[in-house]
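Asks: Let me begin by handing over the structure; questions about it come next.
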């Protein structure tokens, strides 16, 4: 049910004009949820699931970095965010009272990239075009919350296995995507009133 709700919500985002980088991110999210849940249901949390997860999550993370690169081509911002995120997760990894497994390292890498992307997007949001500022902040908040969830999962694993690990991230994305759809519609109306150029070309 949650996977279907996330898929429908993500598909609805494609109805609104958006920058190409965000549309690519939405498409990546659209094809992400069902294969991940199907692999877990059919094969359990094992090697097959791990491969599927890495492939689809890797594609989503590439689209995240693409959004950040188009929004903030500032070497200083990237350098600061990389140092902060890598240092945070390195410090955190050394405090985990158990031997890190392959799954732990996958989550650490994912969390580091999401934290870095969220920091850069948040830092640079005030300098974005008027119609894009809130969109940038929504994406920043989503990625930061996802990175913090990765931290919580590593701390509380295996207690968070099951309902928490499956449903909390999905419903966080649904909430963020609903806000994103609202803001894309508002930005589209604003640019339609202000200019004859297509909104997706400006945002």
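Every number in this text was worked out from the coordinates using simple rules, so none of it is lab data. Source: prediction; values computed, not measured. Heads up, the Cβs are rebuilt from the backbone with ideal geometry, glycines too, and the neighbour counts pull from every protein chain shown.
Asks: How many angstrom lie between the C-alpha centres of segment 23-40 and segment 71-97?
Replies: 26
Asks: Follow-up. Per residue, what volume in Å³ does the Cα convex hull of segment 6-85 take up?
Replies: 102
Asks: Sort the following peptides by mean Cβ neighbour count (other Cβ atoms within 10 Å, averaged over residues), highest first: 20-29, 72-81.
Replies: 20-29, 72-81
Asks: Beyond 18 Å, what share of the Cα-Cα pairs of segment 59-108 is found? Please give it as a whole percent.
Replies: Here the tail beyond 18 Å accounts for 47 percent of pairs.
Asks: Can you compute the label reach from residue 182? Point 7 Å from Cα along the Cβ direction, backbone N cut-off under 18 Å, restricted to segment 102-146.
Replies: Those under the cut-off are 131-143.
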